[in-house]
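Everything on this sheet refers to the single structure shown next.
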Amino acid sequence: MGVSKTKQPLRKRGGKARSEERRFAFLFVMPALLLVVVFRIVPLIWGFVLSLTDARGVTEGAFIGFDNYAELARDPAFHDSMANTILLIATLPIWIMVPMLLAILIHQGVPGGKFYRAVYFFPATLSSVIVGSIFNVLLRNDGQLNQFLELFGIGAIDWLGNSNTALLSLIAVQLWATFGMSLLIFLAGLSTVPSDMIEAAKLEGASMLQTFWHVIIPTLRPIIEFVAVVTTIGVLTNMFGLIYVLTAGGPGTSTTLPEFLIWIELGRMNRPGYAAAISMVLFVLMAGIAYAQVRIMSRNVNV
Amino acid sequence: MSNISITDLRKSYGQVEVIHGVSLDIEPGEFVVFVGPSGCGKSTLLRMIAGLEDITDGDLEIGGTLMNDVEPAQRGIAMVFQSYALYPHMTVADNMSFGLRMAHAPKDEIDRKVKDAARILQLEPLLDRKPAALSGGQRQRVAIGRAIVRDPDVFLFDEPLSNLDAELRVEMRVQIAKLHRTLSNTMIYVTHDQTEAMTLADRIVVLRAGHIEQVGTPIELYEDPDNAFVAGFIGSPRMNFLNARANGPKSVEVAGRTIPLPNLTADLRDGTALQLGIRPEHLDATDGVRLMMDVDVAEDLGATTFVHGTVGGETLVAERRAHVGNAVRELEICFAPDKVRLFDPDGARVR
């Protein structure tokens, strides 16, 4: 009885109490919100405004409407960077399959699994400049890789200097450098697959392959999608260091990705307005891909 | 229907042996319950029969065939897991038909078997749902349905009801009993709950620390336990054990009172330390040995009251088919000497 007595006056002031509580809650959210607005939203809007000007470093740019975007549409370097981006995204299944398969093998308990786990993760701790320097040596015309291939009678290939192989070499190096993180995420995901579910499949006569395909991979689906999103964002925004050290976007434009093009336009050509326009396109591209992936993810949220 | 024959079955993990030579014969169509406290090896034993654990030593025969090294799927068994182990991304129908689909069975056969199982378990309206949209009891029925679809010789249940709330557990217990009557398959059921064991089993196997303590029908275990462990494990509330001392060939002394035990076949040696076992429900007799009990707490459940108290320093519980009330400080208990079970200090039965 005492409870309802104390509750009644509270209910009378309910509206006031709730708004007070809401104000208080807002206070807690504020610092994070402020950071997001100041460091994400404002630059985004600023970038968009900048992309509508012909700013050239020191001079305040004049408003030129969508001229920068029109120029982009005609810029062959931008076209090439987009084609390279599409090729890069086309390799996404490899970026997911390689760490997933290795994680499954380690999870199954291959001998030395812990050792492999450490070794695979190790490159993720290296800076891209160091990774780039290592592979600059390995992939040189007289580098160790070509020396190794010579043992099998395969002639030297200029991995980084040939426009046919440069981008693929770059992708391979980035994959080597970063798949350890995805592998760890998959291992964490695998440890949450209930073992009695796998045992149930075994009792029902499912083969190893059937168990992978029908039980383990569907259970891992949210993890796969998470890795896909993170990897996509990673390859589109974190390859600058490697490109800079290994190929500088060349030969020609064969390894120029939008990210690198932004830097060229900003740093070398001193055209912040134009660079901002490329940034906006890259932003929209990534937002689109991420949105599509999140949609797929939320569709399976009730599994 | 298949018989199962286990001979001197052993299981070791490295140097540690956890199942110490278990032998057991299970008749076709029999409902056998493995019961025991946690860590007694009952689940390990079941998993060895299922083929999920390797057999270190000994023989396992199902339907007359040695199964030690046969793949789990080829043993003619189906298992229901404690966690249900349903595939969360598949509908109920797909969960139930998984094994058949993996074996590429014809579609009409799959449909027929799934429908049959769904009818038996009243799952028809749920076939298109996913496990996440089901209640615990419904999930448990799907798990059983998945086992039925496999049309096994032997059903294995690994603590199937322990994740359900008390009310649902009773309901599912009845369902499983009915299922056994309908299908009349051989069933092995693992539980730590002696009530489930008593109500479901044709025969109960009581396990402790990797050994079989006793095998028998529920009534045999209740009336004629081989040792103090079985006597204490079967029956609820558990049997009272009082320190006793032999003071004649057919009588013992408990809390200063001499209790004649004319039904003993053995002659007791004077002065031997013993344990006298008497169940709470047997302390309400009209004539026999009378003792006064100092009451600590009376738990009134409505139909029965469990009275906790002491007699000469020994704690015990007495059951009364009546309201006792909280004010009672002393209670006369009375038991027939033929309800007394006598055990030596090591727990072995003295008959």
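Observations on the structure shown:
- Kyte-Doolittle mean at least 1.6, axial Cα span of 20 Å or more - DSSP H helices of chain A: A:92-107, A:166-190
- Taking chain A as a Gaussian network of alpha-carbon nodes connected by springs under 10 Å, the highest mean-square fluctuation of the residues A:F260, A:F179, A:F26 belongs to A:F26.
- A:Q108-B:D300 FRET efficiency (beta carbon distance; Förster radius 51 Å; 0.05 resolution): 0.35
- Globularity index of the stretch B:4-233, i.e. its alpha-carbon radius of gyration over 2.2 N^0.38 Å: 1.02
- 20 Å Cα-Cα reach of B:K107 towards aspartates and glutamates, excluding residues that sit fewer than 8 places from it in its own chain: A:E204, B:D94, B:D116, B:E124, B:D128, B:D151
- Residue exposure proxy: B:Y13, A:Y274, B:Y222, A:Y244, ordered by other Cβ atoms within 10 angstrom of their Cβ from fewest to most, comes out as B:Y13, A:Y244, B:Y222, A:Y274.
- Label zone at A:M208, where the point sits 7 Å out along the Cα-to-Cβ direction: the stretch A:104-119 residues whose backbone N lies under 11 Å: A:105, A:108-110
- Cross-link partners of B:K11 among aspartates and glutamates (Cα-Cα below 12 Å; sequence separation of 8 or more within a chain): B:E53, B:D54, B:D57, B:D59
- Extension gain, B:I219-B:E330: 0.36 nm per intervening residue step, less the Cα-Cα distance, totals 36.7 nm.
- Within a Gaussian network of chain B (alpha carbon springs, distance under 10 Å), most fluctuating of B:D193, B:D287, B:D54: B:D287
- Counting beta carbons within 10 Å around each of B:E330, A:E259 and listing the fewest first gives the order B:E330, A:E259.
- The calculated FRET efficiency for the pair A:L138 and B:S184, based on their C-beta separation and a Förster distance of 60 Å, comes to about 0.30.
- Cα gyration tensor shape of the stretch B:255-351, rounded if a/c is under 1.5, else prolate or oblate by comparing a/b with b/c: prolate
- Violating pairs (Cα-Cα greater than 24 angstrom) within the set A:K202/B:K113; A:K202/B:K178; B:K42/B:K115: A:K202/B:K178; B:K42/B:K115
- For A:K16, a cut-off of 28 angstrom between C-alpha atoms picks up these lysines, skipping any fewer than 8 places away in its own chain: A:K5, A:K7.
- Residue of A:M280, A:M82, A:M197 that the Gaussian network model of chain A assigns the largest fluctuation, springs spanning Cα pairs under 10 Å: A:M197
- Sequence of B:E53, A:E265 once ranked by neighbouring C-beta atoms within 10 Å, starting from the fewest: B:E53, A:E265
- Placing a label point 7 Å from the Cα of B:D287 along the Cα-to-Cβ line, the residues of the stretch B:327-351 whose backbone N sits under 20 Å from it are B:332-340.
- Between 0 and 90°, nearest 10: helix B:107-120 axis offset from chain B longest Cα axis: 30
- Spin-label pair A:A83/A:R295, simplified geometry with 7 Å Cα→Cβ offset, distance in nm: 2.9
- Cβ-Cβ FRET estimate between B:S251 and B:D346, R0 fixed at 25 Å, reported to 0.05: 0.70
Laboratory data are not the source of any read-out in this text; all were calculated from the coordinates shown. What you see is a predicted model; the values in this text were computed from it and never measured. Cβ coordinates were reconstructed from backbone atoms using ideal geometry, including for glycine residues, and neighbour counts include every protein chain displayed.
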